[in-house]
Amino acid sequence: MSRIGRQPIAVPSGVTVNAQGGVFKVKGPKGELTVPYNPELNIKQEGDQLLVERPSDQQRHRALHGLTRTLVANAVKGVSDGYTINLELKGVGFRAKLAGKNLEMTIGFSHPVVIEPPAGVSFTVPEPTRIDVSGIDKQLVGQVAANVREVRKPDAYHGKGVRFVGEKIALKAGKAGATGGKGKK
């Protein structure tokens, strides 16, 4: 049996859930989300917990069991707490600021890079070298953070660029330099 699929999902107070016809709807203090799921699976509420059940032990149902439980748990956590991904800028003169809701970054190009957040995602800049991407949809927040990082990935020689907080970059050694002409004749 799926170890993840069997785990119950705690529903915090202030969060309402509804699952029927292959659509799971959850509404909470931060907003509401809709998660489609395979209607062969059953999502039922027992008190303040949700359980995802599968009809058989077929490989397909086992695979969908853990996936569905994880997607439902992410939606419940998103509408109650939300998700935040932190990015940092490394490099001389690299900085970010907000221009309205848009993120404006100066990251070594001849022009500032402006990124407009999609609906449901917001940017905050607590420091000029830190960016926080927040929202209720875990997948969307992660994708937007990856898109921001993609604008200027950390380079392999100096580590300059946009990276996730705590991300380790393996730096390559540069050229060894000329050896004084040895080996040439």
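Key figures for this structure:
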read-out: Selected residue (criterion: surrounded by the fewest Cβ atoms within 10 Å (Cβ to Cβ)) from residues of region 112-151 that are in a loop (DSSP other than H, G, I, E, B) and among the acidic types (D, E); value: E116
read-out: Which numbered condition K175 fails, given (1) among the charged types (D, E, K, R); (2) surrounded by fewer than 13 Cβ atoms within 10 Å (Cβ to Cβ); (3) not in a loop (DSSP other than H, G, I, E, B); value: (3)
read-out: In region 87-116, residue nearest to I136 (Cα to Cα) [restricted to those that are among the polar types (S, T, N, Q) and touching a Pro at 6+ places or on another chain (Cβ under 9 Å)]; value: N102
read-out: Any hit, region 4-21, residues being assigned to a helix (DSSP H, G or I), closer than 26 Å to G135 by Cα, out of contact with any Cys (no Cβ under 7 Å at 6 or more places or on another chain) and modelled with pLDDT under 95; value: yes
read-out: K25 being in contact with a helix residue (DSSP H, G or I) (Cβ under 8 Å, 6 or more places away or on another chain) and not aliphatic (A, V, I, L, M); value: no
read-out: Selection within region 2-55 - on the phi > 0 side of the Ramachandran plot and touching a residue at least 40 places away in the same chain (Cβ under 8 Å); value: G14, G31
read-out: Residues that are more than 30 Å from L71 (Cβ to Cβ) and of a type outside the set (F, W, Y), drawn from region 127-161; value: E127, P128, T129, R152, P154, D155, A156, H158, G159, K160, G161
read-out: Residue match in region 59-78 (condition: touching a residue at least 40 places away in the same chain (Cβ under 8 Å) and part of a strand (DSSP E or B)); value: no
read-out: Evaluation of I169 against (1) in the same structural domain as L89 (by TED's automatic domain parsing); (2) of a type outside the set (K, R); (3) farther than 27 Å from T34 by Cβ; (4) surrounded by 12 or more Cβ atoms within 10 Å (Cβ to Cβ) (one fails), failing number; value: (1)
read-out: All positions within region 37-58 that are more than 24 Å from the chain's Cα centre (by Cα) and either part of a loop (DSSP other than H, G, I, E, B) or small (G, A, S) (or both); value: P39, E40, L41, G47, D48, R54, P55, S56, D57, Q58
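Results for (1) surrounded by 18 or more Cβ atoms within 10 Å (Cβ to Cβ); (2) under 22 Å from the mean Cα position of the chain (by Cα); (3) outside the structural domain of P39 (by TED's automatic domain parsing); (4) of a type in the set (F, W, Y), shown as yes or no for each residue.
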| position | (1), (2), (3), (4) |
| --- | --- |
| R62 | no, no, no, no |
| A75 | yes, yes, no, no |
| L87 | yes, yes, yes, no |
| G93 | no, no, yes, no |
| T106 | no, no, yes, no |
| S110 | no, no, yes, no |
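The values are calculated or read from the model by the stated rules, or taken from the named source; none is laboratory data. The shown structure was predicted, so the numbers you read here are calculated from the model rather than taken from an experiment. Note that we place each Cβ from the backbone using ideal geometry, even for glycine, and neighbour counts take in every protein chain shown.
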